[in-house]
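Presented below is the structure to which this report refers.
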Amino acid sequence: MGLKLQHIAKSFGKQQVLHDISLSMKDGEVLGLLGPNGAGKSTLMKIMVGLYRPEGNEAVLQVPARIGYLPEQNPLYNDMYVREYLLFMARLGKVEDPKERVETLVARVGLTPEANKRIGQLSKGYRQRVGLAQTLLIDPDLLVLDEPTTGLDPNQLVEIRTLIRQLGRDRMVILSTHILQEVREMCDRVVILDHGVIKADKPITEIADLEQTFRAATMD
């Protein structure tokens with residue numbers, strides 16, 4: 001099952017945040033939601049994962065049953081050890097063979113050197129890896145990542161970008177960013193949002209057109 005959104009709108013009080021958003025995705029695709037702060041990226045993601053309900057009688061929201069979501073402010077238990085935390089979350093999610101699944105993901109996301117530390121002792125990059133491992137516990141068909149590289153140093157940035165590209169080989173990945181270079185490095189396709197409206201939806205191969213549209217959005 002892919003992803004399908006049609007006529008998605010959302011407002012908070014008198015402020016209209018999303019206007020008639022429609023897009024679809026297929027497996028093995030990494031899609032970047034690109035836009036300035038306040039464009040509606042996080043709101044759209046929260047609708048995808050079920051935290052907000054879309055508005056309007058014409059709204060269509062078809063998403064996979066298994067979704068992994070990493071919010072911008074990665075909520076973790078700082079006093080727990082990495083393995084302890086992931087095992088706790090795996091058991092909450094009723095993951096089959098939780099110990100084996102945790103060990104597989106610790107290795108896959110590059111957490112092995114830090115797996116015996118408390119989460120509060122980890123760098124920002126390794127905390128992001130813990131969050132990614134948590135989202136992957138249920139082997140999601142759709143991975144939704146809100147600003148996943150914010151605050152990373154250059155080395156961490158390269159490693160997390162590579163990891164996200166790898167994760168997109170066998171599932172759908174949607175990530176949000178306000179940095180054009182991020183979509184260059186990670187995405188197959190880019191959707192540019194501006195004031196809750198889709199201004200462009202193009203493959204990354206059309207980066208020149210995307211750059212022009214993005215510049216216009218950020219100058220509003």
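Values quoted throughout were computed directly from the atomic coordinates according to the rules given, and no laboratory measurement underlies them. Remember, it's a predicted structure, so these values are computed and weren't measured experimentally. Counting neighbours? That spans all protein chains shown, and the Cβs are built from the backbone with ideal geometry, glycine included.
Kirkwood Rh over Cα pairs of the chain into Stokes-Einstein at 37 °C, 0.692 mPa s: D in µm²/s? D = 183 µm²/s. Once both labels are positioned 7 Å from their Cα atoms along Cα-to-Cβ, the gap between Arg66 and Arg169 label points is 1.8 nm. Using Cα springs under 10 Å in a Gaussian network model of the chain, which residue among Gly196, Gly125, Gly50 shows the largest mean-square fluctuation? Maximum fluctuation in the GNM of the chain, among the listed residues, is at Gly50. Lys-Lys pairs in the chain that are eight or more residues apart or on separate chains and whose Cα atoms lie under 26 Å of each other come to 27. For the stretch 160-220, divide the Cα radius of gyration by the Kirkwood radius and give the resulting Rg/Rh value with two decimals. Radius of gyration relative to Kirkwood radius: 0.97. The calculated P(r) of the stretch 69-139, using every Cα pair and 5 Å bins from 0, goes 3, 19, 34, 27, 14, 2 in percent. Between Asn78 and Asp20, the simple spin-label model (points 7 angstrom out along Cα→Cβ) gives 4.7 nm. Here the dipole of the stretch 6-55 is about 220 debye; that uses its Cα centre as origin and unit charges on the Cβ of Lys and Arg (positive) and Asp and Glu (negative).
Against the empirical 2.2 N^0.38 Å (N residues), the stretch 13-116 has a Cα radius of gyration ratio of 1.37. Sorting the segments 65-72, 136-143, 209-216 by their mean number of nearby beta carbons within 10 angstrom, highest to lowest, gives 136-143, 65-72, 209-216. Straightening the chain between Ala216 and Val197 buys 5.5 nm, computed as 0.36 nm per residue apart minus the Cα-Cα spacing.
Note on Met80, Met172: ascending count of other Cβ atoms within 10 Å places them as Met80, Met172, the fewest first. Less than 15 Å from a label point 7 Å out along the Cα-to-Cβ axis of Ser11: which backbone N atoms in the stretch 27-66 qualify, by residue? Zone members listed by number: 54-58.
Note on the chain: GNM, Cα springs under 10 Å; of Lys46, Lys26, Lys14, the largest mean-square fluctuation is that of Lys14. Based on DSSP H segments of at least four residues, each scored -39500 (n - 2.57), the chain has a per-residue ellipticity at 222 nm of -10500 deg cm²/dmol. With contacts taken as Cα pairs under 8 Å at a separation of at least 6 residues, the chain carries a relative contact order of 30 percent. Counted by neighbouring Cβ atoms within 10 Å, the residues Ser42, Ser22 run from fewest to most as Ser22, Ser42. Figure legend: label point modelled 7 angstrom from the Cα of Glu206 along Cα→Cβ; residues of the stretch 1-35 with amide N under 16 Å from it are 22-25, 31-34.
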